[in-house]
Amino acid sequence: MIGVRVRLAAGAALAIVWAGGAVGQQANLIGFSPQDSVAERALEARFDANLSADSIRDRMKLMAAEPNQVGSPHDKANAEYTLAQFKAWGWDAHIETFSVLYPTPKAELLQLVSPTTYTASLTEPPIPGDETSARQAGGLPAWNAYGGDGDVTAPLVYVNYGMPADYAALQRMGVSVKGKIVIARYGAGWRGLKPKLAYEHGAVGCIIYSDPADDGYATADPYPEGPARPEHGIQRGSVQDMPVEAGDPLTPGYGSVEGAPRIARSEAKTILHIPVLPISWGEAVHFLAPLGGPVAPKGWRGALPITYHVGGDGPSAHLVTQANWDQKPLYDVIAVMKGASEPDQWIIRGNHRDGWVFGAQDPLAGQTALMEEAKSLGALARNGWRPARTIVYASWDGEEPGLLGSTEWAETHAKELQAKAVVYINSDTNDRGFLGVEASYSLRGFIDQAAADVPDPETNASVRDRALARLEVDAADPGASPELKARATEAERSGQLPLGDLGSGSDYSPFVEHLGIAAVNLGFGGEGQSGGVYHSAYDTFEHYSRFGDPGFVYGVVLAKTTGRMVLRAADADVAPLRFDNLAGTVSAEIDELKKLVVSRREHARAVDRLLDAKAYALVADPTLSSGAPDREEVAPEIDFAPLDQAAERLRAGARAYDEAAARPASKAQAAKADAILQGVEQSLTSEDGLPGRPWYRHLLYAPGLLTGYGSKTLPGVREAIENQQWDVARQYVGRTAAALDAADAKIEQATKALTE
């Protein structure tokens with residue numbers, strides 16, 4: 001659905017980047033003895049020898065040849081092809097089918113009706129030289145899944161990115177969107193928030209377009225001359241309210257299997273209420289150019305050759321969306337390699353397979369690498385190797401509309417997964433460039449070691465060292481944020497690859513944030529240029545092979561990186577978890593919460609002083625409509641002592657475990673510790689979930705209600721503070737502290753198991 005979003009950290013000294021030495025330095029692997037570490041790396045060399053860029057290329061060309069959305073013939077054909085490949089490689093594989101609510105367009109229309117008329121085509125013409133883009137029969141036109149049905153005619157209001165700050169600015173300008181159709185540009189927040197916030201402010205419809213300032217000719221040459229979004233490129237996408245819950249809206253919290261009860265569509269929490277359509281910048285200019293009203297603020301102006309106005313009482317549009325609210329089949333391909341000694345401990349590796357049209361970069365760049373891993377693991381098994389733990393490979397369907405395939409599978413098998421799953425390893429999109437990783441905090445050392453052993457094809461340094469070097473350069477930039485500079489100290493202290501925080505936007509969410517299973521989400525990017533065709537009919541094999549990953553070498557690099565994680569997690573004597581980073585990160589996040597309360601309090605008092613002094617009136621331009629901001633509630637004191645105390649206990653327990661795990665252990669000790677460690681991540685969840693969204697249970701990370709994909713750490717407390725819900729904040733201070741203590745108790749039990 002989206003590429004890796006990493007909250008970056010960087011060190012201040014270049015020395016830490018290269019401190020790890022050459023690729024493949026023979027340090028002991030986490031969870032392995034020195035002798036077993038040597039054997040494991042030898043196994044990985046054999047794994048690498050079976051990986052082929054040509055195979056990845058040929059596989060993508062086949063799988064991206066036709067429209068590949070949920071319910072399409074090619075989606076099913078790709079599932080059957082994937083199944084056949086897994087079986088040919090020796091896996092025990094099957095297709096697991098679910099039936100889900102998946103709306104497709106029955107009628108859609110967008111017209112400018114005054115002062116002149118214009119009808120948007122809502123289609124993408126073929127691109128010369130791109131044969132795939134001409135094969136759109138059976139594909140989706142412009143479409144935002146899970147928007148509301150509607151037929152509305154109303155004046156247009158331009159709302160910039162359509163985020164909360166934009167509506168606050170409109171209020172000060174005296175412009176209301178009540179009863180209007182808003183037009184917002186993509187960016188600054190997840191697309192689903194734009195129609196949701198528009199509805200909450202009284203709008204009756206929403207149009208979303210890609211402005212060339214963010215995604216088009218102002219960023220690079222448009223396709224086919226370059227990689228950027230062309231004039232008629234349209235970003236499709238789901239607007240399902242996934243920050244509330246993921247999966248089929250009609251089966252909340254349980255799998256969409258045959259015979260499952262389904263709630264009425266009117267009761268579904270994640271289906272929006274107003275019609276919404278995406279359009280290209282080539283269409284958007286016809287709706288934006290006639291707008292009058294105030295000139296848009298400087299930060300609202302894009303790169304179209306017009307003066308951007310806010311509108312409000314002038315030009316009107318006619319917007320129609322009507323969906324076929326049908327059930328569609330999902331085809332999850334599940335392949336299993338049973339563990340030789342620990343068959344009831346599962347290492348799960350997944351990537352989705354469905355796209356919005358052809359889906360070369362999103363998701364087939366990751367899917368084809370996953371298949372290459374499975375091919376190589378099958379070859380190892382045919383030559384006598386067997387994993388200690390069971391390995392499960394999953395090719396998910398229905399990720400794009402709402403993480404449907406992974407969520408329905410996880411909900412269906414929830415009890416078994418919580419009893420057996422050790423870690424879930426996810427990828428999605430992939431391009432040429434730098435490694436980015438989001439993960440559970442306990443997996444940092446494990447990830448760092450794997451990345452240190454994979455060579456980057458452009459530099460011959462490890463992908464770990466190259467990623468760290470990029471962070472060093474970013475942190476040294478004069479414009480680097482204080483947050484980035486602060487993290488430089490931590491990176492210098494640890495010397496390890498920083499992790500991003502888990503939010504949402506890909507298939508790890510149901511595993512970690514609903515079931516409490518440790519997870520990794522990773523991919524490469526930053527040099528490949530596929531973003532300009534994201535979710536469009538131009539995300540094709542031709543575009544990807546020119547601009548995304550020429551030579552498909554980073555497909556191989558992804559397979560090497562994730563393959564090492566799978567192999568090491570499957571073969572380690574003890575699950576490769578370490579807890580120093582968990583304890584340290586949580587302590588830092590508690591400090592952030594304290595600073596957040598102080599900053600909110602200081603800002604509210606500053607606004608009060610300015611309002612009392614009538615300062616806003618004094619600086620207002622009398623020729624323009626403007627007003628003062630609303631008063632804010634002054635934040636009260638919040639007692640963070642329970643969190644501080646729990647974090648300190650966790651730090652002591654983490655230190656003791658990490659020291660014990662570094663020493664040799666017997667098989668009996670390792671087995672006992674493993675059984676305990678399996679539940680540590682689950683200890684960090686709450687059965688009651690987060691405020692207002694019980695599906696999200698993890699108390700350390702979740703997608704933000706007003707960020708969509710972006711993570712909120714310690715979300716129960718943080719979002720309550722941001723929303724001025726002080727009693728809720730105090731409640732979740734206690735709940736989060738209790739979860740940290742529960743995790744610490746597990747960690748202490750595991751330490752005892754290793755040292756008795």
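Miscellaneous remarks
- Unique match (being more than 22 Å from Lys712 (Cα to Cα) and hydrophobic (A, V, I, L, M, F, W, C)) among Ala486, Ala450: Ala450
- In segment 79-95, the residues that are of a type in the set (Phe, Trp, Tyr), open to solvent by 10 Å² or more (accessible area, probe 1.4 Å) and under 13 Å from Thr368 (Cα atoms): Tyr81
- Test: Gln725 is more than 30 Å from the chain's Cα centre (by Cα), over 30 Å from Asp36 (Cβ atoms) and modelled with pLDDT of 95 or more: no
- Answer residue from segment 375-407, given it is within 15 Å of Arg46 (Cβ to Cβ) and touching a Phe, Trp or Tyr at 6+ places or on another chain (Cβ under 8 Å) and is surrounded by the most Cβ atoms within 10 Å (Cβ to Cβ) among those: Leu377
- So Ala743, is it open to solvent by less than 50 Å² (accessible area, probe 1.4 Å) and under 15 Å from Asp688 (Cβ atoms): no
- Ser509 meets all of the listed conditions (1) out of contact with any Lys or Arg (no Cβ under 9 Å at 6 or more places or on another chain); (2) over 23 Å from Thr407 (Cα atoms); (3) open to solvent by less than 10 Å² (accessible area, probe 1.4 Å) but one, namely (2).
- Residue that is open to solvent by less than 10 Å² (accessible area, probe 1.4 Å) and in a loop (DSSP other than H, G, I, E, B), where the choices are Ala488, Ala537: Ala537
- Note on segment 279-296: residues that are touching a residue at least 60 places away in the same chain (Cβ under 8 Å), assigned to a loop (DSSP other than H, G, I, E, B), among the hydrophobic types (A, V, I, L, M, F, W, C) and under 16 Å from Gln111 (Cβ atoms) total 1.
- Listing of helices (runs of 4 or more DSSP H) fully contained in segment 577-661 that carry 2 or more residues being charged (D, E, K, R) and touching a residue at least 12 places away in the same chain (Cβ under 8 Å): 580-612, 641-661
- Unique residue being touching a residue at least 40 places away in the same chain (Cβ under 8 Å) and closer than 18 Å to Glu687 by Cα when the list is Thr755, Thr736: Thr736
- Scanning segment 208-223 for residues that are touching a helix residue (DSSP H, G or I) at 6+ places or on another chain (Cβ under 8 Å) and either open to solvent by 20 Å² or more (accessible area, probe 1.4 Å) or closer than 24 Å to Val157 by Cα (or both) turns up Ile208, Tyr209, Ser210, Asp211, Pro212, Asp215, Gly216, Ala218, Thr219, Ala220, Pro222.
- Segment 467-485, residues that are in a helix (DSSP H, G or I) and closer than 20 Å to Thr707 by Cβ: Pro482, Glu483, Leu484
Yes/no matrix, rows are residues, columns are (1) more than 27 Å from the chain's Cα centre (by Cα); (2) surrounded by fewer than 22 Cβ atoms within 10 Å (Cβ to Cβ); (3) without any contact (Cβ under 8 Å) to a residue 24 or more places away in the chain:
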site	(1), (2), (3)
Leu112	yes, yes, no
Thr117	yes, yes, yes
Glu131	yes, yes, no
Arg135	yes, yes, no
Gly139	no, yes, no
Val152	yes, yes, no
Val159	no, no, no
Gly192	no, no, no
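- Entry remark, segment 408-434: residues being over 22 Å from Pro249 (Cα atoms), open to solvent by 20 Å² or more (accessible area, probe 1.4 Å) and not in a helix (DSSP H, G or I) number 3 in total.
- Looking only at segment 69-78, and only at residues there that are at negative phi and out of contact with any Leu (no Cβ under 8 Å at 6 or more places or on another chain), the one that is surrounded by the most Cβ atoms within 10 Å (Cβ to Cβ): Asn78
- Residue in segment 441-449 that is touching a strand residue (DSSP E or B) at 6+ places or on another chain (Cβ under 7 Å), within 23 Å of Asp362 (Cα to Cα), open to solvent by less than 50 Å² (accessible area, probe 1.4 Å) and not polar (S, T, N, Q) present: no
- Residue match in segment 515-533 (condition: open to solvent by less than 10 Å² (accessible area, probe 1.4 Å), modelled with pLDDT under 90 and at negative phi): no
- Total residues in segment 224-244 satisfying the condition of being hydroxyl-bearing (Ser, Thr, Tyr) and either open to solvent by 10 Å² or more (accessible area, probe 1.4 Å) or assigned to a loop (DSSP other than H, G, I, E, B) (or both): the figure is 0.
- Residues that are under 29 Å from Thr407 (Cβ atoms), out of contact with any helix residue (DSSP H, G or I) (no Cβ under 9 Å at 6 or more places or on another chain) and surrounded by fewer than 23 Cβ atoms within 10 Å (Cβ to Cβ), drawn from segment 261-304: Pro261, Arg262, Ile263, Ala264, Arg265, Ser266, Glu267, Ala268, Lys269
- Residues of segment 540-556 satisfying the condition of being surrounded by fewer than 24 Cβ atoms within 10 Å (Cβ to Cβ) and either free of Cβ contacts under 8 Å to residues at least 12 places away in the same chain or not hydrophobic (A, V, I, L, M, F, W, C) (or both): Glu542, Ser545, Arg546, Pro550, Gly551
- Pairs where the first residue, in segment 423-434, is over 16 Å from Ser395 (Cα atoms) and the second is basic (Lys, Arg) and outside any loop (DSSP other than H, G, I, E, B), C-beta under 8 Å, 6+ apart: Phe434/Arg466; Phe434/Arg470
- Taking the criterion of being of a type in the set (D, E, K, R) and farther than 21 Å from Leu567 by Cβ, the only residue of segment 453-464 that qualifies is Glu458.
- The set of residues in segment 78-92 that are among the small types (Gly, Ala, Ser) and under 23 Å from Gly247 (Cα atoms) contains only Ala79.
- Those helices (runs of 4 or more DSSP H) of segment 664-734 in which at least 3 residues are open to solvent by 40 Å² or more (accessible area, probe 1.4 Å), considering only elements entirely within it, cover 667-677.
- Of all residue pairs spaced 6 or more apart or on separate chains, those with beta-carbon atoms under 8 Å, a first member in segment 267-278 that is within 14 Å of Cys206 (Cα to Cα) and a second member that is in a strand (DSSP E or B) and open to solvent by 10 Å² or more (accessible area, probe 1.4 Å) are Ile274/Gly150; Ile274/Val152; Pro275/Gly150; Pro275/Asp151; Pro275/Val152; Pro275/Val320; Leu277/Glu108.
- Test result for Asp477, among the acidic types (Asp, Glu) and over 15 Å from Gly563 (Cα atoms): yes
The values are calculated or read from the model by the stated rules, or taken from the named source; none is laboratory data. Not measured: the values here are computed from a predicted model. Every residue, glycine among them, receives a Cβ derived from its backbone with ideal geometry; neighbour counts consider all protein chains shown. Heavy atoms of the whole protein, side chains included, go into the accessibility calculation; ligands, DNA and RNA do not. Shrake-Rupley method; radii C 1.70, N 1.55, O 1.52, S 1.80 Å.
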